[in-house]
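Novice: First the structure, then my questions, so here it is.
The values are calculated or read from the model by the stated rules, or taken from the named source; none is laboratory data. Since the structure is predicted, the reported quantities are computational estimates derived from the model, not experimental observations. Backbone-built Cβ (ideal geometry, glycine too); neighbour counts: all protein chains shown.
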Amino acid sequence: MQNEHPSLTAYSEKQRQAAMIKYQVIVPYLFNEKTLTVITEETGIAKRTLQYWIRDYEQFGLKGLIRKTRSDAGKIHLEPEIIVWIEQLILKYKRNSLTSIHRIICEHCQKQGWQQPSYYQVYKVSQSLSQSLKKLAYDGQKAYGNQYDLIHRREASYPNEIWQADHTLLDILVINEKGQAERPWLTIILDDYSRAVAGYFLTFQAPSAIQTAITLHQAIWHKRNLDWPICGIPEQFYTDHGSDFTSNHLEQVAIDLKMNLIFSAVGVPRGRGKIERFFSSINQLFLQDLPGYIGNGTKDAPMTLKDLDEKLADFIVYNYHHRTHGTTKKTPINAWNDGGFLPNMPESLESLDLLLLHVAKPRKVHSDGIHFQGLRFIDITLAAYVGETVVIRYDPRDLAEIRVFYEDYYLCTAICPDIAGYTVDLKDIVSARNKRKRKLNNQIIPEKSVIEDIVQSKQSQLEEDSKLPKPLKSNLKRYFNE
C-alpha cells in the first residue's frame, strides 16, 4: 500500500478524533440510509467534499479521513489504478525482476494513455508491500502461517479451566485377546493447569468416538481410588480435528454439559506441547522398564493389556502425580488440590451415562434377568419389566455390572452374580471363549463354562495375591454408587 497513509496509531488523538467526525457524517450514506444530497442539505458540506471523504475511507479506512500535511517528500505521485496494477504484478510474478515489472507497466500505461511511472516509483511501491504479504502471495497460506501467525498458547489459570485430550500408539508390545503381541493405543485427558491426568483408556482399537467418550466419562466422574481426586466438568475441552473428537455425539455432549469444545487449527496442532510432554514422560519413566518395550532388546514375555493397565494406573496415581513438574514447579496432585475449588459435577452418574457411555445395546428382560455376552445380570427392579425391551449401557473395562435404561430413564444397575466379586472386562470374556474354542478344536470336551473359566482365572489371581500380607477383605463387590 502507499506510504501516504501510515498506520492509524501514527497520528495524534486530535487527528483521529477529527477523522471520526468526518466518518460520522458519511456513515448514513455508507449504510444506504441517506443520499449525499440529503447529507449536504443537513450539514452544508459540499457533495464533492463528501465524495472525496467516501473515496478515501473506502480505500484507506479511517486513516484516509485524516487531514494530510502539505509536505510531499517521499510520496509516490501515481494514479491509484497504476499503483494497484504494480502491486498485483509484483505479487503475481515472484521470479520477475523489478526491471521486468517496470517494462510491463510502461507498456500497459502506453496502451491506456496513462503517464508511465519511473523505475524508482515502481521500486517505492515494491518497498511499500509488507514482507508478510509477499510471503502469503509467493509461498501460500501454510508457509505464511508458520512464519507470521501468532501462536496462541492456551494457559489455564486454575484447575478444570482447560482439559486437553489426545491419543498415541504406545512403544510396547502386549498380548491381545488372540494371544498375539500387539501395540496398544492410549487415550489421555490432561488438566492444563496442574498437568494432572483426569482420565485414560488403553485399547487395541484405533481411536474412535467411543473411546473418547469412555475416557471423558472416567475423567469427569469421581474415581473409586480416593488417591485419584481429579474430576469435574472442564470449562474448555481442547482437542485436534480427529474424527473421534469432532463427532456429532461429542459436540452434543459438550453442549449438554456446558463444556466449550476448542479445536486446534487443521494441520497446525500448536499449543499441544503439554500433552506431548506427558507422552514423553510415559515413554521414558514408565514403558522403558517394562517387558515388551520396543527397542530395549529384552526377551521377556510381553504382558497382557490388563497387566499394563494396572501398572499404568499405579504409575499415574502414585508416581507421575507426585513428581515435581519442570514448568509449574509443583507436583500435579498438589497443583490440582491447591486450587481450593469445588469441581462442577453432573447432576448424577446416570445422566452422565446417558451422555457418554455410547456403548449401548437393546436387550429383552427375561424372568431370570438380562442376558448379555454369555452372562446373566439381575436386579430386583427388573421384576416389573419382564418381557420389556430395555437399553443397557456398559463400560467395556468392567462387565461385572451394566446400567439399565427404559425409554431413556435410568432403572437400575444390574450385576452378574457369578462374577460380582471381581472386575471383569470384555477382554476376559473373549479370552475365555477363545480358550473353549481351542479345546473344541482339539476335540477335548470342555468341562467348564465361560463363566467358570473366568472365575477360576480370577481366583488364581487372588490366590497369588494372597501370598502377600494384606488386610482381610470381603469378597462381596461394593459399588461406588450404592
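Novice: Quickly run through segment 225-238 and pick out the residues that are touching a helix residue (DSSP H, G or I) at 6+ places or on another chain (Cβ under 8 Å) and either hydrophobic (A, V, I, L, M, F, W, C) or at pLDDT below 80 (or both).
Specialist: Hits for segment 225-238 are TRP228, ILE230, CYS231, ILE233, PHE237.
Novice: At pLDDT 80 or above and either assigned to a helix (DSSP H, G or I) or more than 30 Å from THR331 (Cβ to Cβ) (or both): is that true of ILE214 in this structure?
Specialist: Here the answer is yes, as ILE214 does meet what is asked.
Novice: Here is a further query. Restricting to segment 174-197, what's the tally of residues that are part of a strand (DSSP E or B) and farther than 19 Å from ILE233 by Cβ?
Specialist: Number satisfying all stated conditions: 6.
Novice: Would you be able to tell me the number of residues in segment 54-81 that are crowded, with 16+ Cβ neighbours inside 10 Å, at pLDDT 80 or above and not acidic (Asp, Glu)?
Specialist: So the count comes out to 6.
Matching residues to (1) modelled with pLDDT under 90; (2) part of a loop (DSSP other than H, G, I, E, B); (3) not assigned by TED's automatic domain parsing to the domain that holds TYR193:
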| position | (1), (2), (3) |
| --- | --- |
| THR328 | yes, yes, no |
| ILE333 | no, no, no |
| MET345 | yes, yes, yes |
| GLU350 | yes, no, yes |
| LEU354 | yes, no, yes |
| ARG363 | no, no, yes |
| HIS371 | no, no, yes |
| ALA384 | yes, no, yes |
| ARG393 | yes, no, yes |
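Novice: Then there's this: Those residues that are out of contact with any helix residue (DSSP H, G or I) (no Cβ under 6 Å at 6 or more places or on another chain), of a type in the set (A, V, I, L, M, F, W, C) and surrounded by 14 or more Cβ atoms within 10 Å (Cβ to Cβ), I need them from segment 164-182; list them, please.
Specialist: ALA165, LEU170, LEU173, ILE175 - these are the residues of segment 164-182 that are out of contact with any helix residue (DSSP H, G or I) (no Cβ under 6 Å at 6 or more places or on another chain), of a type in the set (A, V, I, L, M, F, W, C) and surrounded by 14 or more Cβ atoms within 10 Å (Cβ to Cβ).
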